[in-house]
1. Checking Leu374 against (1) open to solvent by 20 Å² or more (accessible area, probe 1.4 Å); (2) in a helix (DSSP H, G or I); (3) not polar (S, T, N, Q), which single condition isn't satisfied?
2. Name the residue, out of Arg218, Arg244, Arg250, Arg233, that is part of a loop (DSSP other than H, G, I, E, B) and in contact (Cβ under 8 Å) with a residue 24 or more places away in the chain.
3. Can you give me the number of residues within segment 149-171 that are in a loop (DSSP other than H, G, I, E, B) and of a type in the set (D, E, K, R)?
4. Taking segment 256-283 as the search range and keeping residues that are over 21 Å from Asp97 (Cβ atoms) and among the charged types (D, E, K, R), which one is surrounded by the most Cβ atoms within 10 Å (Cβ to Cβ)?
5. Given the residues Ala81, Ala42, Ala26, Ala30, which is the only one that is among the hydrophobic types (A, V, I, L, M, F, W, C), over 30 Å from Trp335 (Cβ atoms) and in a loop (DSSP other than H, G, I, E, B)?
6. Can you tell me which residues in segment 320-369 are open to solvent by 10 Å² or more (accessible area, probe 1.4 Å) and not in a loop (DSSP other than H, G, I, E, B)?
7. Could you look through segment 70-92, keep only residues that are surrounded by fewer than 19 Cβ atoms within 10 Å (Cβ to Cβ) and aliphatic (A, V, I, L, M), and pick out the one that is modelled with the highest pLDDT?
8. Given the conditions (1) surrounded by 15 or more Cβ atoms within 10 Å (Cβ to Cβ); (2) of a type in the set (A, V, I, L, M, F, W, C); (3) out of contact with any Ser or Thr (no Cβ under 6 Å at 6 or more places or on another chain); (4) within 26 Å of Arg54 (Cα to Cα), report the number of the one that Ala111 does not fulfil.
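The values are calculated or read from the model by the stated rules, or taken from the named source; none is laboratory data. Everything numeric in this text was worked out from a predicted model, so none of it was measured. Note that we place each Cβ from the backbone using ideal geometry, even for glycine, and neighbour counts take in every protein chain shown. Only protein heavy atoms, including side chains, enter the accessible area calculation; ligands, DNA and RNA are left aside. Shrake-Rupley method; radii C 1.70, N 1.55, O 1.52, S 1.80 Å.
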Amino acid sequence: MTSPDTAPRRQATTTAGLRGTTWDPARLPAGTSMTAHALTTADGAPVTGFLFRRGAERSVVCLMHPRELGVTQYIVPDLLAAGVAVWVQGSRAPGNDIRLEHETALHDMAAGQDFLRREAGYAQTVLLGISGGGPLAAFYCQQAARAPEDRIARSPGGRPTGLDRAAMPAPDGVVLVSSHLGQGALLLACIDPSVTDEDDPLSVDPALDPFSTDNGFRPAPDSSTYAPDFLARYRAAQAARVRRIDERARALLARKAAARKAAKADGSREDAILAAFSPIFQVWRTDADPRCFDLSLDPSDRAYGTLWGANQLVSNYGSVGFARVCTPESWLSNWSAFSTNASMDACAPDIGQPVLMIEYTGDNSVFPAEAERLFGLIGAADKTRLRVHGNHHGRAVDPEKPNGQIVAGDAVAAWLADKGFA
């Protein structure tokens, strides 16, 4: 690992939204076929999965991300070459935060796992969670291991999950690649706490502004220098902002519940309208983790900038970003560190399957201390941790270093063979 004081002044490239994860088609093994499969979940939603195979595989490695669908994932050729089939699946609404809840994403994953066992006939399945796919895989392992009646009955927003009626075959192994601690934990670390009014995206408390030179900020490519007292106030204010949004989401849900109750008791037309109304709200300025700009904080091989790149004005104030458009239900289930069920803190201790965890040493969203914490949380007795040079999706930060995607692919293939999956 290079000291931030001596490292070349490099700027991060955008990796959010699974950018930079596409395979090199020349690396696909000869004889690979792909079939698309339309499935229906236990709660009635349509989902689609894509099965890659060469023939005669007895194990299948399964990739799913709750928010994104990347069929041509960079690691697919390595898995096929290792002798396993590969299943790449989307959720019911990829790219659409207002419909996503992690509890419904479990239904989506379960439909794929059930298909692979019952219809496709695979004897063993391995979940491979990349980035946000890691917490989803951990959440699935936790719930699949429980008796149906013991699974989570209601989402954080209060909706019945129906997980007790879902077939949830347990996987035989888990691979985590650049997995973060959960969408809630990710947002808690990068939300901008200097917002003073949620209805005014331009409102700023100067004492908490992470992009003020008075507070230690320096624009790219120079590393910022934030004082410890500023960082302490900053982190506390981030938690306070998330809790305020939680309160707002719960107030909207309470209003809807009250209107629904009134409407059922022969209420007014206004009650019926409020009972049907599904509010959508915006969460601005969610790309401001100080570690991305002050490279002395939890130092690593990372470049200056975030998953969204090095221009904090575009990433923090622009229309595209984490949690930008939410419903109360999706905020509480996905983005609230204090309400979500899909966190590694809650789920990783319940993973009992063999686990391979690969961290990229130049990651702008999973920092060394977080990777250390995540590995410690994993409950499996059989767990292996590897560090590979690369950014969040394995591309080399240092151009003189090898492509981390290929290094990671080789490592996963070796682990699959060692554990008897390939």
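1. (1)
2. Values: Arg244 fails: part of a loop (DSSP other than H, G, I, E, B); Arg250 fails: part of a loop (DSSP other than H, G, I, E, B); Arg233 fails: part of a loop (DSSP other than H, G, I, E, B).
Only one candidate qualifies: Arg218.
3. Final tally of qualifying residues: 2.
4. Asp271
5. Details: Ala81 fails: in a loop (DSSP other than H, G, I, E, B); Ala42 fails: over 30 Å from Trp335 (Cβ atoms); Ala26 fails: in a loop (DSSP other than H, G, I, E, B).
Step by step, each of Ala81, Ala42, Ala26, Ala30 is checked, and only Ala30 is among the hydrophobic types (A, V, I, L, M, F, W, C), over 30 Å from Trp335 (Cβ atoms) and in a loop (DSSP other than H, G, I, E, B).
6. Val325, Glu329, Asp345, Ala346, Pro349, Asp350, Glu359, Pro368, Ala369 - these are the residues of segment 320-369 that are open to solvent by 10 Å² or more (accessible area, probe 1.4 Å) and not in a loop (DSSP other than H, G, I, E, B).
7. Step by step, filter segment 70-92, then rank; the result is Ala81.
8. Ala111 satisfies every listed condition except (3).
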